[in-house]
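Structure record follows, encoded as structure tokens.
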Amino acid sequence: MSKVKAGEAVSVVAGQYGVSDKAIYNWLKGRVTNQVSWMEHLRLKKENQQLKEIIGVLTFEIENSKKRYLVEAVQAKVAGLSKSLLSTLFGYSRKGIYLNSDKIKRRTSF
């Protein structure tokens, strides 16, 4: 802004900083402020919190799906391994292990 006010051409300054001429003219007219309203701040804060929650849920689901895949792969390779040992190894309930093993049996039986 100071370069334009000092007399340098708007197009030259715009080219140097990679902005449009119109943006500089808007800044000079005072249409752009550096302040954010309190309502806008609260809205952005709420949106940020919601996005963090979504990321947390997705991360949790990804980790669980990785664990389920690992359990299924081990069960498929070592069919004789006890369900209680698998549940201890992977931190699942035995019920979850039994449900997953039923899914594997259904997938592999043709």
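Quick note: the coordinates plus some simple rules give every number you see, no bench work behind them. Just so you know, these numbers come straight off a predicted model, no measurement behind them. Cβ coordinates were reconstructed from backbone atoms using ideal geometry, including for glycine residues, and neighbour counts include every protein chain displayed.
Within 10 Å of each candidate Cβ there may be at most 13 other Cβ atoms; applying that plus a DSSP loop requirement, which GluC sites (Glu not before Pro) in the range 1-76 survive?
Answer in residue order: E8.
Test of understanding: ordering R43, R68 by Cβ neighbours within 10 Å, fewest first, what list do you get?
Ranked by crowding around the Cβ, least crowded first: R43, R68.
Which links in K52/K83; K67/K95; K22/K45; K3/K29 stretch past 24 Å when you go from one Cα to the other?
Result: K52/K83; K22/K45 exceed 24 Å.
Using a Förster distance of 22 angstrom, determine the FRET efficiency expected from the C-beta separation of N64 and L85, and round it to 0.05.
On the way: r = 20 Å, r/R0 = 0.91.
So, using R0 = 22 Å, E works out to roughly 0.65.
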